[in-house]
Amino acid sequence: MSADEAALKTCHERINLSVAASHQAENGSVTTVSSKESEEATYAFLPPIESTDAHLHEFAEAMRTVGKALRQVAEGKAAAQAEAAEWKRKYEAEKAAKAHTHVIKGCSNCVKDKLEHLASKLTLETASADETGCCGNHGICSRQILQDQCPGPNRKSDDRIVGRKVPFRLSWGSNGDKNGQHKHDFVSFEKGDITTAERSNKQIFLKWDSPPQTVLFVTKPNSNSVHALCSEMVRWLKEHNNINIFVEPRVSKELLIEDSYFNFIQTWDNDQEMKTLHTKVDLIVTLGGDGTVLWAASLFKGPVPPVVAFSLGSLGFMTPFPSEQYRECLGNVLKRPFTITLRSRLQCHVIRDAAKDEVETGEPILVLNEVTIDRGMSSYLTYLECYCDSSFVTCVQGDGLIISTTSGSTAYSLAAGGSMVHPQVPGILFTPICPHSLSFRPLILPEYVTLRVQVPFNSRGQAWASFDGKGRIQLGPGDALICSVSPWPLPTACLVDSTTDFLRSIHEGLHWNLRKSQALDCPA
Ligand SMILES: NC(=O)c1ccc[n+]([C@@H]2O[C@H](COP(=O)([O-])OP(=O)(O)OC[C@H]3O[C@@H](n4cnc5c(N)ncnc54)[C@H](O)[C@@H]3O)[C@@H](O)[C@H]2O)c1
Ligand SMILES: Nc1ncnc2c1ncn2[C@@H]1O[C@H](COP(=O)(O)OP(=O)(O)OP(=O)(O)O)[C@@H](O)[C@H]1O
């Protein structure tokens, strides 16, 4: 072996070491320093080549280029990870600051109750009421929500209108599984067994502790049939069940113009009053299509009372109740336990580049279907950098991105090629819109992650975010959108149960997998 060949062999070995170092860096354990060092080492081990052989020179040059490229990749990756970690830190700080403000503003009992309410959602088990009328440690009790309405000098005068909403209990149903298997702990340290029996095959039942007293109507505007049905249902609920009725300010005006009989109905005058509505309303009735359910959900920035959605639209994925049978349906829901689907919502924050160093104080925007980031009027591809917690996910180059709940999986995300997901599956859908790449398949991520979508500074165009198809917001270079699952789901009453209703919707609404059956006769 000549001297030059030996030098090149050493150089090759160093390059291999450099590759290994940069792979480590990619795994997050090594910073850019190591790759820089390895690149410098690569140069150090590339002795000046005296041979005049042009191939050897070429090879040495190629090795130097490889070393340099590896360094750039590792540096870029580490910078992105550091930036993502910084965003996450800021987001957590913002959340903590908000929680702190809440503690100062609210009464401490309320905050504690809210935390207990959240914790209780994690330990769902069929439980009977204890002596005090609470559901005990194993149910999901509505009392924690009731105590949002804490006493104090600043309570709204509108508390006079109706009493407190009635308590209810939520419990797991187990589809007739009576063998007690569902009582297993999720992880048993004593026996070392890991079981998922606790989590599967469950329906959630809602049982009123006493009959509901207050119903809020949310109705599709500009529809004579919806208006007529609303006034008929309000009369029926008042006369047969002595129910207090809330309607939106617009509907209140319409009903009062129609007949002074409706003097008893209540409404709200401003956002502040709207914010306390969840403490007074036992049940929400929606009259319209899916858009009306989305609208009803958007009225509540925190807890939402259970929704009974009557179908008066064309598709009605989330509206299982037939409006012609409203007496029977409402009668059942008011008097008997019923199954509900807890539809998760996403809370979204827009963080402007200009406000990067400040703690964001704006209210989150809650969506039931999805948040979409698209190219708006721009004719350029969107260019979006996406992170999941502190990990880089991908860059979206195309028409945009849909971050969807599982309820929204049958809406825009489906049209963009995303999978249909049962609304009780805990996940977040990550669906590109017309990606300019052959391999960008949609993803489903676990519900506990925080997603960040950032418009990079070198993006050619602006991006636009919209929330359940409404409220478009422009995102400029450096701006980011942060999304995570909200602790406040939308509970919707089921006509049969969560799965039956979902399958009925995809069969009847979308004609899913409809195909003529093959004839029996066939070639031998
Ligand atoms: N290409 C598309 O499919 C497309 C484009 C824009 C918006 N959308 C959807 O429209 C929603 C807004 O609905 P809208 O009623 O206010 O607007 P809209 O009146 O334009 O109706 C959109 C259609 O989507 C259906 N829809 C809404 N939510 C659904 C769900 N969860 N599952 C199945 N179908 C659903 C509605 O029934 C309606 O037929 C957005 O959240 C978005 O998901 C879809
Ligand atoms: N109470 C409300 N106030 C204001 N806007 C509403 C209200 N309810 C519904 N909308 C809006 O009206 C539009 C149509 O409503 P919806 O989707 O319920 O009816 P639809 O279009 O007839 O039903 P489908 O979508 O099933 O065909 C939606 O964009 C929705 O946001």
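Between Pro364, Ser419, Gln347, the Cα set farthest toward the positive side of the dipole of the stretch 317-439 (charges on each charged residue's Cβ, about the Cα centre) is that of Ser419. What the Cα convex hull of the stretch 415-523 gives, in volume per residue, is 193 Å³.
Translational diffusion of the stretch 389-435, estimated by Stokes-Einstein from the Kirkwood radius over alpha carbon pairs at 10 °C in a medium of 1.306 mPa s, is 143 µm² per second.
Packing, as the average of other Cβ atoms within 10 Å across residues, places the peptides 410-421, 255-266, 57-68 in the order 410-421, 57-68, 255-266, highest first. In the structure displayed, which of Lys207/Lys470; Lys202/Lys275; Lys207/Lys238; Lys238/Lys280 lie more than 24 Å apart, Cα to Cα? Listed pairs above 24 Å: Lys207/Lys470; Lys202/Lys275. The distance between label points at Arg515 and Asn263 comes to 6.5 nm (points 7 Å beyond Cα on the Cα→Cβ vector).
Just so you know, all these numbers are worked out from the coordinates, no wet-lab data involved. It should be emphasised that the depicted structure is a prediction, and the values quoted were computed from it without experimental measurement. Cβ atoms come from the backbone with ideal geometry, glycine included; neighbour counts cover every protein chain shown.
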